Amino acid sequence: MIITAGMIGVGKTTLTEKIAKHLGTKAFYEPVGDNPVLPLYYKIQINTDFCCRFIFLNKRFAMIKKALADDNNILDRSIYEDALFTKQNNIEGNISDTEFKIYLQLIDNMMNELKSLPKKSPDLMIYLETDFETILKRIKKNVVETMNNLKMTLN
(Lines give C-alpha, C1' and ligand atoms only; values in the text may rest on other atoms or scores of the structure.)
Protein backbone atom coordinates (compact mmCIF):
# COMPACT_ATOMS: atom_id res chain seq x y z
CA MET A 1 0.00 0.00 0.00
CA ILE A 2 1.21 3.47 -0.94
CA ILE A 3 -0.04 6.73 0.58
CA THR A 4 0.41 10.21 -0.88
CA ALA A 5 0.65 12.94 1.75
CA GLY A 6 1.06 16.69 1.92
CA MET A 7 -0.78 19.97 2.18
CA ILE A 8 -4.07 20.55 0.46
CA GLY A 9 -3.46 21.55 -3.16
CA VAL A 10 0.00 19.97 -3.44
CA GLY A 11 -1.01 17.36 -6.05
CA LYS A 12 -1.81 14.21 -4.05
CA THR A 13 -4.84 13.29 -6.14
CA THR A 14 -2.98 13.73 -9.42
CA LEU A 15 -0.03 11.62 -8.25
CA THR A 16 -2.34 8.99 -6.75
CA GLU A 17 -4.17 8.69 -10.06
CA LYS A 18 -0.92 8.35 -12.03
CA ILE A 19 0.58 5.74 -9.69
CA ALA A 20 -2.62 3.68 -9.62
CA LYS A 21 -2.80 3.72 -13.41
CA HIS A 22 0.89 2.81 -13.74
CA LEU A 23 0.60 -0.07 -11.26
CA GLY A 24 -2.84 -1.16 -12.47
CA THR A 25 -4.24 -0.95 -8.95
CA LYS A 26 -7.12 0.68 -7.12
CA ALA A 27 -6.87 4.29 -5.99
CA PHE A 28 -8.66 5.51 -2.87
CA TYR A 29 -9.36 9.25 -2.94
CA GLU A 30 -9.87 11.61 -0.03
CA PRO A 31 -13.62 11.73 0.68
CA VAL A 32 -14.29 15.44 0.34
CA GLY A 33 -17.53 15.67 -1.62
CA ASP A 34 -19.69 13.84 0.89
CA ASN A 35 -18.72 15.95 3.92
CA PRO A 36 -21.90 17.85 4.92
CA VAL A 37 -19.94 20.31 7.09
CA LEU A 38 -17.41 21.32 4.42
CA PRO A 39 -19.69 23.95 2.78
CA LEU A 40 -20.13 25.59 6.19
CA TYR A 41 -16.37 25.50 6.74
CA TYR A 42 -15.70 27.25 3.44
CA LYS A 43 -18.50 29.73 4.02
CA ILE A 44 -18.02 30.77 7.65
CA GLN A 45 -15.02 28.83 9.06
CA ILE A 46 -16.44 29.15 12.56
CA ASN A 47 -17.21 26.24 14.87
CA THR A 48 -16.90 23.69 12.07
CA ASP A 49 -13.26 22.59 12.36
CA PHE A 50 -13.86 19.99 15.06
CA CYS A 51 -16.83 18.48 13.26
CA CYS A 52 -14.95 18.51 9.92
CA ARG A 53 -11.97 16.73 11.49
CA PHE A 54 -14.23 13.98 12.84
CA ILE A 55 -16.01 13.48 9.54
CA PHE A 56 -12.69 13.24 7.69
CA LEU A 57 -11.26 10.93 10.35
CA ASN A 58 -14.25 8.61 10.11
CA LYS A 59 -14.06 8.47 6.30
CA ARG A 60 -10.29 7.95 6.31
CA PHE A 61 -10.57 5.20 8.91
CA ALA A 62 -13.07 3.29 6.75
CA MET A 63 -10.89 3.89 3.68
CA ILE A 64 -7.66 2.69 5.32
CA LYS A 65 -9.34 -0.46 6.65
CA LYS A 66 -10.60 -1.28 3.17
CA ALA A 67 -7.21 -0.55 1.59
CA LEU A 68 -5.27 -2.58 4.17
CA ALA A 69 -7.52 -5.57 3.51
CA ASP A 70 -6.14 -5.89 -0.06
CA ASP A 71 -2.74 -5.72 -1.68
CA ASN A 72 -1.44 -3.01 -3.98
CA ASN A 73 -3.62 -0.01 -3.24
CA ILE A 74 -2.77 3.68 -3.24
CA LEU A 75 -4.45 6.28 -1.08
CA ASP A 76 -4.81 10.01 -1.59
CA ARG A 77 -4.37 11.12 2.04
CA SER A 78 -4.79 8.85 5.05
CA ILE A 79 -5.49 8.50 8.73
CA TYR A 80 -1.75 8.51 9.43
CA GLU A 81 -1.33 12.21 8.80
CA ASP A 82 -4.74 13.32 10.06
CA ALA A 83 -3.50 14.04 13.59
CA LEU A 84 -0.97 16.53 12.20
CA PHE A 85 -3.74 18.63 10.65
CA THR A 86 -5.82 18.40 13.80
CA LYS A 87 -2.86 19.49 15.97
CA GLN A 88 -2.31 22.47 13.65
CA ASN A 89 -5.99 23.41 14.00
CA ASN A 90 -5.53 23.23 17.78
CA ILE A 91 -2.41 25.44 17.63
CA GLU A 92 -4.28 27.98 15.49
CA GLY A 93 -7.19 28.06 17.96
CA ASN A 94 -9.70 26.45 15.59
CA ILE A 95 -10.05 23.41 17.87
CA SER A 96 -10.00 23.71 21.66
CA ASP A 97 -7.63 21.76 23.87
CA THR A 98 -10.57 19.68 25.12
CA GLU A 99 -11.68 18.89 21.55
CA PHE A 100 -8.12 17.95 20.64
CA LYS A 101 -7.87 15.63 23.65
CA ILE A 102 -11.13 13.90 22.62
CA TYR A 103 -9.85 13.60 19.06
CA LEU A 104 -6.55 12.03 20.24
CA GLN A 105 -8.42 9.47 22.34
CA LEU A 106 -10.55 8.47 19.36
CA ILE A 107 -7.67 8.22 16.88
CA ASP A 108 -5.70 6.17 19.43
CA ASN A 109 -8.60 3.69 19.62
CA MET A 110 -8.78 3.59 15.81
CA MET A 111 -5.06 2.97 15.46
CA ASN A 112 -5.32 0.10 17.96
CA GLU A 113 -8.05 -1.45 15.84
CA LEU A 114 -5.84 -1.22 12.75
CA LYS A 115 -3.23 -3.30 14.60
CA SER A 116 -5.62 -6.26 14.43
CA LEU A 117 -5.63 -6.26 10.61
CA PRO A 118 -3.32 -8.61 8.69
CA LYS A 119 -1.41 -5.63 7.30
CA LYS A 120 -0.69 -2.95 9.90
CA SER A 121 0.59 0.05 7.96
CA PRO A 122 1.47 1.39 4.52
CA ASP A 123 4.54 0.17 2.68
CA LEU A 124 5.41 3.63 1.41
CA MET A 125 4.28 7.18 2.14
CA ILE A 126 5.16 9.81 -0.46
CA TYR A 127 5.20 13.34 0.94
CA LEU A 128 4.69 16.05 -1.67
CA GLU A 129 5.78 19.69 -1.44
CA THR A 130 5.42 22.71 -3.68
CA ASP A 131 5.65 26.48 -3.35
CA PHE A 132 3.00 28.33 -1.38
CA GLU A 133 1.69 30.35 -4.35
CA THR A 134 0.92 27.14 -6.27
CA ILE A 135 -0.86 25.69 -3.25
CA LEU A 136 -2.99 28.84 -2.80
CA LYS A 137 -3.91 28.85 -6.50
CA ARG A 138 -4.95 25.19 -6.34
CA ILE A 139 -6.90 25.63 -3.09
CA LYS A 140 -8.86 28.54 -4.58
CA LYS A 141 -9.61 26.46 -7.69
CA ASN A 142 -10.73 23.49 -5.55
CA VAL A 143 -12.92 25.67 -3.31
CA VAL A 144 -14.63 27.23 -6.33
CA GLU A 145 -15.20 23.79 -7.88
CA THR A 146 -16.53 22.37 -4.60
CA MET A 147 -18.90 25.30 -4.07
CA ASN A 148 -20.14 25.08 -7.67
CA ASN A 149 -20.75 21.34 -7.27
CA LEU A 150 -22.65 21.96 -4.04
CA LYS A 151 -24.79 24.64 -5.68
CA MET A 152 -25.68 22.21 -8.49
CA THR A 153 -26.56 19.54 -5.92
CA LEU A 154 -28.77 21.93 -3.96
CA ASN A 155 -30.60 23.22 -7.05
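The values are calculated or read from the model by the stated rules, or taken from the named source; none is laboratory data. Just so we're clear, the structure is a prediction, and the values are computed from it rather than from any experiment. Please note: Cβ atoms are built from the backbone with ideal geometry, for glycine as well, and neighbour counts cover all protein chains shown. With ligands, DNA and RNA removed, areas are computed over all heavy atoms of the protein, side chains included. Shrake-Rupley method; radii C 1.70, N 1.55, O 1.52, S 1.80 Å.
Could you tell me which residue of the range 76-99 is surrounded by the fewest Cβ atoms within 10 Å (Cβ to Cβ), considering only residues that are touching a Ser or Thr at 6+ places or on another chain (Cβ under 8 Å) and closer than 17 Å to Met111 by Cα?
Going through the range 76-99, the residues touching a Ser or Thr at 6+ places or on another chain (Cβ under 8 Å) turn out to be 76-77, 80, 90, 95.
Still in the list and also closer than 17 Å to Met111 by Cα: 77, 80.
Details: Arg77: 26, Tyr80: 18.
The residue in question is Tyr80.
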Among the residues of the range 1-59, write down those that are at pLDDT 70 or above and basic (Lys, Arg).
-> Lys12, Lys18, Lys21, Lys26, Arg53, Lys59
Confirm whether Asp71 is open to solvent by 70 Å² or more (accessible area, probe 1.4 Å) and at pLDDT below 85.
-> yes
What are the residues in the range 106-155 that are modelled with pLDDT of 85 or more, open to solvent by less than 100 Å² (accessible area, probe 1.4 Å) and part of a loop (DSSP other than H, G, I, E, B), if any?
-> Leu128, Thr130, Asp131
Scan of the range 3-21 for residues that are touching a Lys or Arg at 6+ places or on another chain (Cβ under 7 Å) and among the β-branched types (Val, Ile, Thr), ordered by number | Thr4
